[in-house]
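Read-outs: derived from the displayed coordinates by stated rules, not from any lab. Just so we're clear, the structure is a prediction, and the values are computed from it rather than from any experiment. As a convention, Cβ positions derive from the backbone with ideal geometry for all residues, glycine included, and neighbour counts pool all protein chains shown.
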Amino acid sequence: MKRFFAVPLMLAALALTSVGAESGVALVASEVRPGAGVTEVRSLSDFVPALAGTPFDTPVYLLGGAKDEATAAGATDGAQAAGGAKASSAPFTAAIVAGEHANEIAGVLAAYWIIERCVVSSGRLAIVPRANASGATWSLSGAQAPRLIHLDGRAIRYGTRLSNPLQETEPDPERFVPPLAAASFAPLAGQEARNLNREYPGSPDGRRTAQAAYAITAMLRAESVKIALDLHEATMSSALTWSIITRKEYLDAAALAALDIEDTTGVTFHLEDSRDEFAGYSHWEWGKMGVEAFLVETPNPAQPKDDPSVDQLHHAKAPLALRVYVHLRAAKALLENASAMSGADDALVIEGFPSSIEEVGRWLEGI
Amino acid sequence: MMRQYRIRAFFFAVCVFAALAPMAVFAQSSAPAAMLGTFPQPGYITSAGQTSDAAIVKVLANTRLKLGFGYEISAKPQAFAGSKTLVLVLGASNKGLGAAGMSLDQELARVKAVIAQAQKDGMKIISMHTGGTARRGEASNKIIELCAPVSNIVIVVQGGNADGLFTDLCAKAGVPLVQVPSIAEAGNVLKSLMAPK
């Protein structure tokens, strides 16, 4: 009888070891093929060392001018030495974060496109394509076995909305309240403690998901990011599909982007206000830091249960190429309009966005 | 027998025509010719339902089409004094209402006051719905039922009228309905309605 239990226990221990062993950096490196536009690769553990080697550590790809080049130039002419003008001489920097929910793969793949194919000729772009790499190590349909979508000879993990519970440092609390929520905030289910997009601005000594949130927040600060995009997907029937969510002060940039997106993709977006009930969300918490933050939602036909029978690539209403293409055109439109409206025309120039759904389809399928 | 058949055929043809005529009138893709250039400037945009989509109509009208409309998402009646055309952007957003600290009833009261003031001032009213199915539902329908019948014309981006609510309301009230495939096209219709400054 004891032997009967010993084998499953050993297997469980092995599974725990294996899911805990792989660094998120290695996981992402196995999926993406960085192109010539990538000038530097960092990781979240540069900002929270405790994440090093864990499944929560994940790469930050940097494209464009080095942050230090401009500040060094400022120092040469004395501005830096005088303690002023550092911010104005630094390259205009934007960030794109995807994969906060590892099942929302169109955003992840859009980020991979940029890492592989885009070049930043003016300014600087930081990309975190798998913000919650732990979420990519498991799936609702297969416990510890992540689902894989095979694209162009590579296996892309279709994970889940939350961090892998076996990789967390603490069990879920009974109820969860985002760190900076108002006293009147209605507590969420305890598992939401593993939802990266409820944990901002994060905590350096909290559970792993909170540490990852803190590291992303620290990266935005360290890079002096002006505009940040957060790429997501929602259930087909959700009112959030084809939407941009942002704080009231950035609605005009989002509105202009929505018109551009419609022009280029034929998809009509609507806008949603960010506000204090979104405590812990990227668009609300990053916005508090003065970052122009926008969250983009496309529809995912497999959500909310991550139905493995759904053909992501060729779904009749929401094929993957369309969703990735729209994310990319939305990113282009938001970055261009937000930077122009903040008086920084041409401060950020990114080349290499796709011009058609077919182009994205060929990239996905390796045709 | 032949005569009876002809009468029946004639009667059938009249019925078909009577049934189709309103559709032709109320589901156009461009503004009726008689209305082109007849909406006086200046225009003023506000939401009906606190939808953030009003911001899209604002940048469409002002940044893209250079119409120079006034704008306030939750304008009070006194805000548009001197304006001649009121553009209502329809759609209830629970998030938007929450952000404005308003209940749906309070928003309905504000919109009623806005409409009453516009009618008192002899303003023309254009209702626009650009948010598709995301801006439909019980709360949005109350807003739409309030605004569409009192408008001079309604412009809806397809998807928002998938169930024919706008078609029904406009048909009953005798209000022309323009249904377009995109927000950009809705902007073109809006521009075509406005009189030169």
Practice problem: Counting other beta carbons within 10 Å of each Cβ, put A:ASP57, A:ASP172 in order, fewest first. | Solution: A:ASP172, A:ASP57
Exercise. Kindly flag which residue pairs out of A:LYS248/A:LYS332; B:LYS76/B:LYS191; A:LYS332/B:LYS76 have an alpha-carbon separation exceeding 30 Å in this structure.
Key: A:LYS332/B:LYS76
Exercise. Rounded to the nearest Å, what's the spacing between the alpha carbon centres of segment A:281-318 and segment A:126-183? Just the number, please.
Key: 14 Å
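Past 21 Å, Cα to Cα, is the threshold; run B:LYS112/B:LYS142; B:LYS84/B:LYS197; B:LYS172/B:LYS197 against it and keep the listed order.
B:LYS172/B:LYS197
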Practice problem: List the residues of segment B:51-79 whose backbone N lies under 13 Å from a point placed 7 Å from the Cα of B:GLN41 along the Cα-to-Cβ direction. | Solution: B:62, B:65-70
Quiz item: For A:LEU180, which sequence-distant residues (separation of 5 or more, or a different chain) have an amide H within less than 5 Å of its own amide H, given hydrogens modelled in the peptide plane?
Solution: A:GLY280
Practice problem: Write down the percent of antiparallel bridges among all DSSP beta bridges whose residues are both part of chain A, to the nearest 5. | Solution: 50 percent
Quiz item: Averaged over peptide B:174-185, how many Cβ atoms belonging to another chain are found within 10 Å of each residue's Cβ?
Solution: 2
Quiz item: For labels at A:SER141 and A:ALA183 in the simple 7 Å Cα→Cβ model, what's the distance in nm?
Solution: 4.8 nm
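Please arrange A:VAL48, B:VAL87, A:VAL177, B:VAL157 by counting, for each residue, the other beta carbons lying within 10 Å of its beta carbon, fewest first.
A:VAL177, B:VAL157, A:VAL48, B:VAL87
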Quiz prompt | Degrees, to the nearest 10: A:105-117 long Cα axis against longest axis of chain A | solution = 50 degrees
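Nearest 0.05, what FRET efficiency do B:GLN158 and A:ALA66 give at R0 = 51 Å with Cβ-Cβ as r?
My answer for the efficiency is 0.60.
I'd like the FRET efficiency for A:ALA316 and A:ALA222, computed as 1/(1 + (r/R0)^6) with the beta carbon distance as r and R0 of 51 Å, rounded to 0.05.
Numbers: r = 44 Å, r/R0 = 0.86.
After rounding, the FRET efficiency stands at 0.70.
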Self-check item: Degrees, to the nearest 10: A:67-76 long Cα axis against longest axis of chain A
Solution: 30 degrees
Practice problem: Sticking with the crude label model, points 7 Å out along Cα→Cβ, report the distance from A:VAL41 to A:MET289 in nm, one decimal please. | Solution: 2.3 nm
Practice problem: Show me B:74-81, B:121-128 ranked by packing, highest mean number of other Cβ atoms within 10 Å first. | Solution: B:121-128, B:74-81
Quiz prompt | Signed unit charges on C-beta, dipole axis of chain A, positive-most listed residue A:GLY280, A:ASN195, A:PRO129 | solution = A:ASN195
Quiz prompt | Ranking of A:ILE127, A:ILE350 by count of other Cβ atoms within 10 Å, fewest first | solution = A:ILE350, A:ILE127
Exercise. Amide H neighbours of B:VAL87 under 5 Å, at least 5 residues apart or on other chains, H built in the peptide plane: list them.
Key: B:TYR44, B:ILE45, B:THR46, B:ILE126
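Calculate how many DSSP beta bridges within segment B:25-193 are antiparallel, expressed in % of all such bridges and rounded to the nearest 5. Walk me through the intermediate numbers first.
On the way: 1 of 23 bridges.
Roughly 5 percent of the DSSP beta bridges within segment B:25-193 come out antiparallel.
If you place +1 on the Cβ of every Lys and Arg, -1 on the Cβ of every Asp and Glu, and leave all else neutral, what size is the dipole of segment B:25-193 about its Cα centre, to the nearest 20 Debye?
Working: 15 positive and 10 negative charges, 82 e Å.
So the dipole magnitude of segment B:25-193 works out to roughly 400 debye.
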Quiz item: Amide H of A:VAL97: which non-local residues (sequence gap of 5 or more, or other chain) have their own amide H closer than 5 Å, using H built in the peptide plane?
Solution: A:VAL128, A:LEU229, A:ASP230, A:LEU231
